Amino acid sequence: MKKLLFTCAFAFMAWYAQAQLGVKYDPTIQATKSMQYFKPKGNLFVGDCIPFSKDGVYYYYWLLDSAHHKSLNGLGGHQWALSKSSDLKTWQQFPLVLKIDEPWEKSICTGSVVFYKGKYYAFYATRLLNDGKVNEQLSYAISNDGVNFEKQKPNPFYTSAPGYSKRDFRDPKVFVDEKTGEFHLFVSSWQENTVMKNNGGALVHLSSKDLKNWTVHEPILTGQPSTPECPDYFFWKGWYYLVYSDNSNTSYVKSRKPYGPWEAPRYQALNEDWSNVVKTAEFKNGRRIAAAWVPNRFEGKDNNGEIFGGNSLFREVGQESDGTLTTSFPAEMIPETAEALNIKIVNDLQSSSPDSHSVSINSPGGVGSAHVENVPANCRITMEIEPVGLNEEFGLYLRSGARADGGYRLNFSAANKIVKLGNTAIEGVDGLNKPIKVDVVIKDGIIDVDVDHRRTIVNRTYEQNGSFVWFYAKHGQVNFKSITISPLKED
């Protein structure tokens, strides 16, 4: 009897220890409508995203974060969650697809998915402690349905490449050469003993036909100021794209050939300070949808830096004739709104309203303004903005006060090709001297802006909660037309 009790107690302890390895996640209580700005219920957050698609279904794999990267002694404790959709409107939520199963697995890190010969292959990095030092090593799992994955042995299957960091060896991007059957990985790392000490960031290039024996090629990318994280790689409409992130800010290069030579685009549309580590996946009708996440700020203060984990963020990716990428809101993922408000525009200074949804500001010698009161905290604001001749700048104050005090300034400068939103900005924004359409979504402190369906900018805000929207123009004439303000529907 004692032996039986001991056996049962031992089995329970083993089960309990196993159950405590990763954070608990319940997919049945998660949102099934638009995933734009999604955060899992409870004290949980979205981390790095791994978008993938097959047969018109968008698979949104994402890292489940429970303590802003502090879990398991600061090593992350991340695991892969999955949400998928065939229309980007309604979503299925699944149990964790890649979990922490062993005590040595301190985090199931970012990676990528490929479908080949009837199987889904998920490549990822496992963060672990090796002789007291943090290492990142490569692992992979196989699935028949993209949901139920089985980790493969040996696990990890690859430790590090000669001449590269063992601490930074993560985020494998996988693709398969259909002609040769070779699996290729681009892996985020740091080159040792570089000529320039502070430019060792690189993407290691590995290939294998049997997933056992791997060849190390010349790196696909070098000379970065930090480890180039969460790489993405795809061919789209005649161009190859290599995407990577420097301290979470995303950049890309492009080429007509698979491995370069690479060239920089005219502007970096994927680079938004508060849209972290952007990755993309194809979708129906030749579309491409990017996924990222909006980080929280330390201590919930507007001017503090970011901390790991936040809300999901999606972008529609477009392509210009020279291969330069654009970004905009995916139409299906814009939050639902209630009936538009019957707004009253108050003309304050050198402004007039030709109709109830427009304001014209003509202020060649200074700043002119108008405002709307009683704007809901969560809302969508759309308009057309028409500069008439030259101006120094124009824009809005969002969530502002009765005298345009506080709030967050949305500022457009055609001369500098810059759009600012509070304390963040995007550069290289063409066409601000011409009529543009502007779409603003404010939801639970996230302010997200679509500029003429070509560029986007997002910010995380906390402290300004005014109910005024101000319109302004400086040293010029600017017409704000078709202004619509609509409350967001409750989730």
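The values are calculated or read from the model by the stated rules, or taken from the named source; none is laboratory data. It should be emphasised that the depicted structure is a prediction, and the values quoted were computed from it without experimental measurement. A quick note on method: Cβ atoms are made from the backbone with ideal geometry, for glycine too, and the neighbour counts reach across all protein chains shown. Surface areas here come from the heavy atoms of the whole protein model, side chains and all, with no ligands, DNA or RNA. Shrake-Rupley method; radii C 1.70, N 1.55, O 1.52, S 1.80 Å.
Here is a yes/no grid of residues against (1) touching a Pro at 6+ places or on another chain (Cβ under 8 Å); (2) within 24 Å of residue 85 (Cα to Cα); (3) of a type in the set (S, T, N, Q):
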{"position": "285", "(1), (2), (3)": "no, yes, yes"}
{"position": "305", "(1), (2), (3)": "no, no, no"}
{"position": "319", "(1), (2), (3)": "no, yes, yes"}
{"position": "336", "(1), (2), (3)": "no, yes, no"}
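All conditions in (1) open to solvent by less than 30 Å² (accessible area, probe 1.4 Å); (2) free of Cβ contacts under 8 Å to residues at least 60 places away in the same chain hold for residue 452, with the sole exception of (1). Those strands (runs of 3 or more DSSP E) of region 321-396 in which 2 or more residues are open to solvent by less than 30 Å² (accessible area, probe 1.4 Å), touching a strand residue (DSSP E or B) at 6+ places or on another chain (Cβ under 8 Å) and of a type outside the set (A, V, I, L, M) occupy 325-328, 359-372, 379-388. I'm checking my understanding of the structure. Among residues of region 265-305 that are in a strand (DSSP E or B) and of a type in the set (D, E, K, R), which one is farthest from residue 35 (Cα to Cα)? Applying the filter and picking the extreme gives 297. Being closer than 22 Å to residue 182 by Cβ and open to solvent by less than 10 Å² (accessible area, probe 1.4 Å) is the requirement here; does residue 255 meet it? Yes: the conditions hold for residue 255. Here residue 434 clears all of (1) farther than 27 Å from residue 264 by Cα; (2) of a type outside the set (A, V, I, L, M); (3) open to solvent by 40 Å² or more (accessible area, probe 1.4 Å) except the condition numbered (1).
Residue 478 fulfils the conditions (1) touching a residue at least 40 places away in the same chain (Cβ under 8 Å); (2) touching a Lys or Arg at 6+ places or on another chain (Cβ under 7 Å); (3) open to solvent by less than 40 Å² (accessible area, probe 1.4 Å); (4) assigned to a strand (DSSP E or B) except for a single criterion, (2). Screening the candidates 97, 134 for the property of being touching a strand residue (DSSP E or B) at 6+ places or on another chain (Cβ under 6 Å) and under 24 Å from residue 312 (Cα atoms) yields one hit, 97. Applying the condition of being of a type in the set (Val, Ile, Thr) and not in a strand (DSSP E or B) to region 112-159 and asking which residue is least open to solvent (accessible area, probe 1.4 Å) yields 147.
Does residue 407 qualify as being in contact with a His (Cβ under 7 Å, 6 or more places away or on another chain), open to solvent by less than 50 Å² (accessible area, probe 1.4 Å) and of a type in the set (Gly, Ala, Ser)? The answer is no for residue 407. Only residues that are open to solvent by 10 Å² or more (accessible area, probe 1.4 Å) and within 13 Å of the chain's Cα centre (by Cα): list them for region 305-314, please. Answer for region 305-314, where residues must be open to solvent by 10 Å² or more (accessible area, probe 1.4 Å) and within 13 Å of the chain's Cα centre (by Cα): 308, 311. For region 183-216, the set of residues classified as under 29 Å from the mean Cα position of the chain (by Cα), surrounded by fewer than 18 Cβ atoms within 10 Å (Cβ to Cβ) and farther than 23 Å from residue 249 by Cβ consists of 207 only.
Determine whether residue 304 is over 19 Å from residue 53 (Cβ atoms), in contact with a helix residue (DSSP H, G or I) (Cβ under 8 Å, 6 or more places away or on another chain) and polar (S, T, N, Q). Working first, answer last.
Working: over 19 Å from residue 53 (Cβ atoms): yes; in contact with a helix residue (DSSP H, G or I) (Cβ under 8 Å, 6 or more places away or on another chain): yes; polar (S, T, N, Q): yes.
Taking the combined requirement at face value, the residue satisfies it.
Restricting the first member to region 390-407 and to residues that are touching a residue at least 40 places away in the same chain (Cβ under 8 Å), and the second to residues that are of a type in the set (Phe, Trp, Tyr) and open to solvent by 30 Å² or more (accessible area, probe 1.4 Å), the beta-carbon pairs closer than 7 Å and six or more apart or on different chains are 400/468; 401/468; 402/468; 404/397; 407/397. Checked against (1) open to solvent by less than 40 Å² (accessible area, probe 1.4 Å); (2) out of contact with any Lys or Arg (no Cβ under 8 Å at 6 or more places or on another chain), residue 86 meets all criteria but (1).
Close contacts from region 227-241, counting a first residue that is at positive phi and a second that is of a type in the set (A, V, I, L, M, F, W, C) and open to solvent by less than 20 Å² (accessible area, probe 1.4 Å), with Cβ to Cβ under 9 Å and a gap of 6+ residues or different chains, come to 230/49; 230/50; 230/243; 230/277; 230/278. State all residues of region 160-182 that are touching an Asp or Glu at 6+ places or on another chain (Cβ under 8 Å) and assigned to a strand (DSSP E or B); if no residue qualifies, say none. 164, 165, 166, 167, 168, 169, 170, 171, 173, 176 - these are the residues of region 160-182 that are touching an Asp or Glu at 6+ places or on another chain (Cβ under 8 Å) and assigned to a strand (DSSP E or B). Inside region 273-294, residues that are over 9 Å from the mean Cα position of the chain (by Cα) and touching a residue at least 12 places away in the same chain (Cβ under 8 Å) make up a count of 10. Regarding residue 467, is this residue among the polar types (S, T, N, Q) and open to solvent by less than 10 Å² (accessible area, probe 1.4 Å)? It is false that residue 467 is among the polar types (S, T, N, Q) and open to solvent by less than 10 Å² (accessible area, probe 1.4 Å).
Residue-wise test of (1) open to solvent by 30 Å² or more (accessible area, probe 1.4 Å); (2) at pLDDT below 95; (3) out of contact with any Asp or Glu (no Cβ under 8 Å at 6 or more places or on another chain).
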{"position": "7", "(1), (2), (3)": "yes, yes, yes"}
{"position": "13", "(1), (2), (3)": "yes, yes, yes"}
{"position": "20", "(1), (2), (3)": "yes, yes, yes"}
{"position": "27", "(1), (2), (3)": "no, no, yes"}
{"position": "34", "(1), (2), (3)": "yes, yes, no"}
{"position": "46", "(1), (2), (3)": "no, no, no"}
{"position": "65", "(1), (2), (3)": "no, no, yes"}
{"position": "82", "(1), (2), (3)": "no, no, yes"}
{"position": "92", "(1), (2), (3)": "yes, no, yes"}
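Only a single criterion out of (1) open to solvent by 60 Å² or more (accessible area, probe 1.4 Å); (2) modelled with pLDDT of 95 or more is not satisfied by residue 490, namely (2).
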